[in-house]
1. Suppose R0 equals 35 Å; then what is the FRET efficiency for Ala180 and Lys275 from their Cβ-Cβ distance, rounded to the nearest 0.05?
2. Suppose R0 equals 35 Å; then what is the FRET efficiency for Glu200 and Val109 from their Cβ-Cβ distance, rounded to the nearest 0.05?
3. Go through 72-79, 353-360 and give me the packing order, highest mean Cβ count within 10 Å leading.
4. Could you run the Karplus curve 6.51 cos²θ - 1.76 cosθ + 1.60 with θ = phi - 60° over the stretch 328-344 and give me ³J(HN,Hα) per residue in whole Hz, x for Gly and Pro?
5. Apply the Debye scattering formula to the stretch 332-396, with a single equal point scatterer on each alpha-carbon and no solvent, then give log10 I(q)/I(0) at q = 0.19, 0.24 Å⁻¹.
6. Lys and Arg at +1, Asp and Glu at -1: add these up for the other residues within a Cβ distance under 9 Å of Met298 and post the number.
7. Modelled label-to-label distance, Ala166 and Leu310, 7 Å Cα→beta-carbon offset: nm?
8. If each DSSP helix of 4+ residues adds -39,500 (n - 2.57) and the sum is divided by the residues in the chain, what number results at 222 nm, nearest 500 deg cm²/dmol?
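Quick note: the coordinates plus some simple rules give every number you see, no bench work behind them. Just so you know, these numbers come straight off a predicted model, no measurement behind them. As a convention, Cβ positions derive from the backbone with ideal geometry for all residues, glycine included, and neighbour counts pool all protein chains shown.
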Amino acid sequence: MNVVQSGARKIWGYRHIVLIMLWLLYIINYFDRISVLTFLPLIRKDLNLTHQEIGFAASIFFFAYALAQVSAGYLADKIGPKRVMGIAIVVFTAVTFLTGMVRNYIQFVLLRLGLGLGEGHHFSPANKTIADWFPKSEKGRATAFFSTTWAFAPAIIPVVITSIAAALGGDWRTIFYILAVPGVIGIFLLYYFVSDKPEEMLKRGRLSQEEYDYIKAGLVSDEAAVEKLGVSVILKDQSLWMYSAQLFCLLAVYWGSTTWISSFLFEQHGFSLAKMGALSALPYVVAIVSTMCGGWLMDKVFHRTKPVALISFLVSIPVLMYLGQVPKGNINLLIVMLILNGFFVNLIWGVIYAYPQVRYPKEVLGSAIGLANGIGQLGAFLSPLLAGYLVEKTAQGIFYDKVFFMFAACSALGALVTCLLKEETLSIETLVATKSNAIPR
């Protein structure tokens, strides 16, 4: 088996093609959601909405997204991740097209709900697919590469769509009609290149026996224990709830800042549409590097998730606090703070979604990620909503310093709960004993 593992590490395997397809599909997912957030200042003006209404509309997406996580994870375990992802792509592509037709606040809120439900059924199945295709020794880097989607997409999308919108005379609606095209392409990519498990591609001749053996030898799996204990395999683990809280804090920081960064640059600093798009993309350009760096640190240096997570959360605290206080007109300092924000907030992505893949059997991984991410996405729901009430409008202008202070507080809480996580692979025997001891005698 050592010979198999050594050879498989050196070859470009079909597992990497699957990973690239998952990456491309999630880029399409992000094109839809980031486009809405990028155009929030224009949508607010066009529909005559308040900051509080925009905050609620932005947040309601994450409420629907959070609810969808639980059902997405369960369905991925039961009917296979590929089917669930296919349904998700069809739904969010259709909703994105309809967004170009929105005419009032109620329609906007309903479409945000629809987009959240559609996109919410994409993430957990994608992670389960990675878990089924990559051995434990590669999970950090594989998950990190996939995680660059939420760095790469926000880096290029604002620049692309604001440039197109500017060429169209500021017409943001046409962008959402155009975005239906990559959705259709994504459906084809999913059904042609991706399978739920390596066995399917082995039968088709796309996957070698050598690579198949390498993958199977490194998976975290325990079918017998899962059959005996069912979902309690994960529900009895205290670290699952700490992990959910960790995700809550991280997603509150990430989606809170992602939701409001365009408005922050447009309103507090007074940048034009094109310059706002370029600057709002800057943190995510840096994040592409930092996300991969985090995965590498996990696999090659620490062999753990907690050190990387702590670095990410702790350094983000002062960075976020000062970002909202950068004086207007000091572009150089603003750029430095955006770069630091992009690096340290996103350093954790390479490890945080690798954590459940390392800790839980793959047979219940979809449910574990779905439950934890469902709870975590409530942070993404509450953060933009609360931020809308923290934006200050004075005679001197519009200010976001309290907004970024809230993000810093979330990062501090994230560091605290990270310290409480257990990182070793979950002991099924311990759970069986716990269950037995819990039976009244």
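1. Computed FRET efficiency for Ala180 and Lys275: 0.80.
2. Once rounded, the FRET efficiency stands at 0.30.
3. Packing order, densest peptide first, comes out as 353-360, 72-79.
4. 4, x, 8, 5, 4, 5, 4, 5, 4, 5, 5, 5, 4, 4, x, 6, 7
5. Reported log10 I(q)/I(0), two decimals: -0.94, -1.06.
6. Working: positive: Lys139, Arg141, Lys300, Arg304; negative: Asp299.
Residues near Met298 contribute +3 overall.
7. The answer from the label model is 4.4 nm.
8. Mean residue ellipticity at 222 nm (helix-derived): -24500 deg cm²/dmol.
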